[in-house]
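Structure, as structure tokens:
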Amino acid sequence: MGLTSVGLGSGLDINGIVSALVSSEQAPKVAQFNAKEGAINAEISALGSLKSSLSEFKSSLSFLSKTASFDSQSVSLSKSTYLSATVSNNAVSGSYNVAVEQLAVSQKVGSAPVSDVTAALDEGSLNFAVDGNSFDVAVTTEDTLQTLVSKINSAKDNVGVTATIVNSDAGAKLVLTSNKTGTANNITVSATDTGAGTVLADTFAMTELQPAKDSIVYIDGLKLTSSSNTVEGAIDGVTLNLKDADIDKPTTLTVAQNTGSIKTGIKSFVEAFNAMSKTITDLTSYNAATETAAVLQGDSLPRGIQSQLRGVISSAFATSNGNLSLASIGITTTRSGTLEIDDEILTAALKNNVTGIKEMFTTEDTGVATKLDGYLDSYVGTGSIIDSRDSSLDGNLERLSDQREVFARKMAAFEARLFKQYNYMDLIVGQLGTQSSDLQSRLDSLPGLVKQNN
């Protein structure tokens, strides 16, 4: 930069003059750059909002595009005192009378009582067998009833036995409980003494404290016995979890189409569509009062998307039960373009024609959900139309940045040229001033020159 103070020859504020000239030249172009950049960034942001709303709408189609969503079954019970139940999608709709006569119970056996749980045991081994499987525990003279409990419970090959000590008036007993219910899971204990006598065999000659029982349940009068309180296969696709027994108090179990989950999926679809429609309206609107246009007002992309989607939603779809439309199942379009649900009509449609509704939504390539999903993928998927627009706008920002740099260099050169010109002018003015003073001095010294007094 040139002089930054008042010119020595001219007395002019060269720095101020140059700064003003550069600013007047630079300001309009910078404002133009800023306006372009703001417009591009606003468009990028608007496209981001559009893509986000489209993606959320696309996500709402995931449930409705799957046939399994419409095959879901639900189970209900007339009372929950005696059992609970779960159901899979292959269960057949129907009603069943279930009466629980007996719950499955685990067997418990106890040893002979001992007076001191810390007293040493004799040397030998114990074999524990459950349902054809067994494991051994070695007993040493350092073991007590307490340490034996720990050995049994921590044995890596334990086949399903839990040991504990129960104290009674007669003394302490080792009590073994089968980890599984049912008569097939009875416990057998065999003791082998390696020392003198039969102390182990005598102590661990187990007596039954609680007999094992199988569960007994009647389904529509048909008896079913199970080793577990979790009964599978009695009703196809239904698992019963028995909780209490009273043969005289049956429970009505009903398997039915799970229309509740379908309604929830449809409501999510409608809400997402309406949210997307509002976003498009907000991005393309014009406020006449303020004479302000939204960022994408007049842009064909959002309006084209909306037109395509509404075209699908208003169409009729062929099903095995005749043509269906969203309107025919209670989903209609309002004057503002949003969707609304008539719950009564939808409930009746799901009750009477869930198969047709499933086909209307899920038929590959031509169903409501699958067709909408295909359209949306072209706008929000990888390499989509919106992605291409974003890439183009990013390129515009890069070019604008390059133009700023070129202009900045141009302004720097312009400023340097101005300083050079004004500094040169200041030098000339200074030289002229010096010459003028010198000439005046010489004139004043000429002989015979009469000076005039002021």
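Here, each number is a calculation from the coordinates, and none is a lab measurement. Predicted model only: the values in this text are computed from it and were never measured. Note that we place each Cβ from the backbone using ideal geometry, even for glycine, and neighbour counts take in every protein chain shown.
Determine the relative contact order of the range 151-222: mean sequence separation of Cα pairs under 8 Å and six or more apart, normalised by residue count, in whole percent. Could you put the intermediate results ahead of the total?
Details: 67 pairs, mean separation 15.1, N = 72.
Rounded, it is 21 percent for the range 151-222.
Run lengths n ≥ 4 of DSSP H only: what is the helix-derived mean residue ellipticity at 222 nm for the chain, with -39500 (n - 2.57) per run over all residues, to the nearest 500? Intermediate values should be presented prior to the final figure.
On the way: 9 runs with 204 residues, N = 454.
Result for the chain: -15500 deg cm²/dmol, rounded to the nearest 500.
Taking a point 7 angstrom from the Cα of Ser391 along the C-beta vector, which residues in the range 47-78 have backbone N less than 17 Å away?
Correct set: 48.
If the reach is capped at under 13 angstrom between alpha carbons, list the aspartates and glutamates near Lys66, excluding any in the same chain fewer than eight residues apart.
Cross-link targets: Glu359, Glu364, Asp365, Asp373.
Could you list Arg399, Arg335 so that the one with the fewest beta carbons within 10 Å of its beta carbon is first and the one with the most is last?
Numbers: Arg399 11, Arg335 5.
In increasing order of surrounding Cβ atoms, one gets Arg335, Arg399.
Show me the ranking of peptides 14-27, 255-268 by mean Cβ neighbours inside 10 Å, starting with the highest. Numbers along the way, then the final one.
Numbers: 14-27: 14.6, 255-268: 17.6.
The packing order, highest mean first, is 255-268, 14-27.
What spacing in nm lies between the two simple spin-label points modelled at Val92 and Ser76, each 7 Å away from Cα in the Cβ direction?
So the two model labels end up 2.2 nm from each other.
Mind checking which aspartates and glutamates have their C-alpha under 18 Å from Lys249, skipping anything on the same chain fewer than 8 residues away?
Cα-Cα hits under 18 Å: Glu101, Asp220.
May I ask which of Lys156/Lys180; Lys263/Lys351; Lys278/Lys371; Lys79/Lys243; Lys263/Lys358 have a Cα-Cα span longer than 19 Å here? It would help to have the intermediate numbers written out before the result.
Values: Lys156/Lys180 17 Å; Lys263/Lys351 11 Å; Lys278/Lys371 21 Å; Lys79/Lys243 12 Å; Lys263/Lys358 12 Å.
Over 19 Å Cα-Cα: Lys278/Lys371.
Tally Lys/Arg at +1 and Asp/Glu at -1 over every other residue whose Cβ is under 10 Å from the Cβ of Ala201; what's the total?
Values: positive: none; negative: Asp122, Asp193, Asp202.
Charge balance near Ala201 sits at -3.
What lysines could a cross-link reach from Lys36, if we take a straight Cα to Cα line under 20 Å and drop same-chain neighbours fewer than 8 places away?
Here the lysines satisfying the reach criterion relative to Lys36 are Lys410.
Using the Karplus equation 6.51 cos²θ - 1.76 cosθ + 1.60 (θ = phi - 60°), what ³J(HN,Hα) coupling, rounded to whole Hz, does each residue of the range 246-252 give in order, writing x for Gly and Pro?
Those phi angles translate into 6, 4, 8, 10, x, 10, 8 Hz.
In percent, how large is the relative contact order of the chain, given Cα pairs closer than 8 Å and 6 or more residues apart?
On the way: 750 pairs, mean separation 101.6, N = 454.
Result for the chain is 22 percent.
Just subtract the alpha-carbon distance of Ser84 and Glu364 from 0.36 nm times their residue separation and send over the number in nm, one decimal. If you can, show how the numbers build up before the last one.
Numbers: separation 280, 0.36 × 280 = 100.80 nm, distance 3.73 nm.
Additional length available on full extension: 97.1 nm.
Can you work out ³J(HN,Hα) from phi for every residue in the range 221-227, in order, using Karplus 6.51 cos²θ - 1.76 cosθ + 1.60 and θ = phi - 60°, giving whole Hz and x for Gly and Pro?
For the range 221-227, the Karplus curve yields x, 8, 7, 9, 10, 9, 6 Hz.
Treat every Asp and Glu Cβ in the chain as -1 and every Lys and Arg Cβ as +1, leave all other atoms uncharged, and give the resulting dipole magnitude about the Cα centre to the nearest 20 debye. The partial results should precede the final answer.
Details: 33 positive and 49 negative charges, 423 e Å.
So the dipole magnitude of the chain works out to roughly 2040 debye.
For Thr292 paired with Asp343, estimate the spin-label separation in nm (one decimal), with each label point 7 Å from Cα along the Cα-to-Cβ line.
3.8 nm
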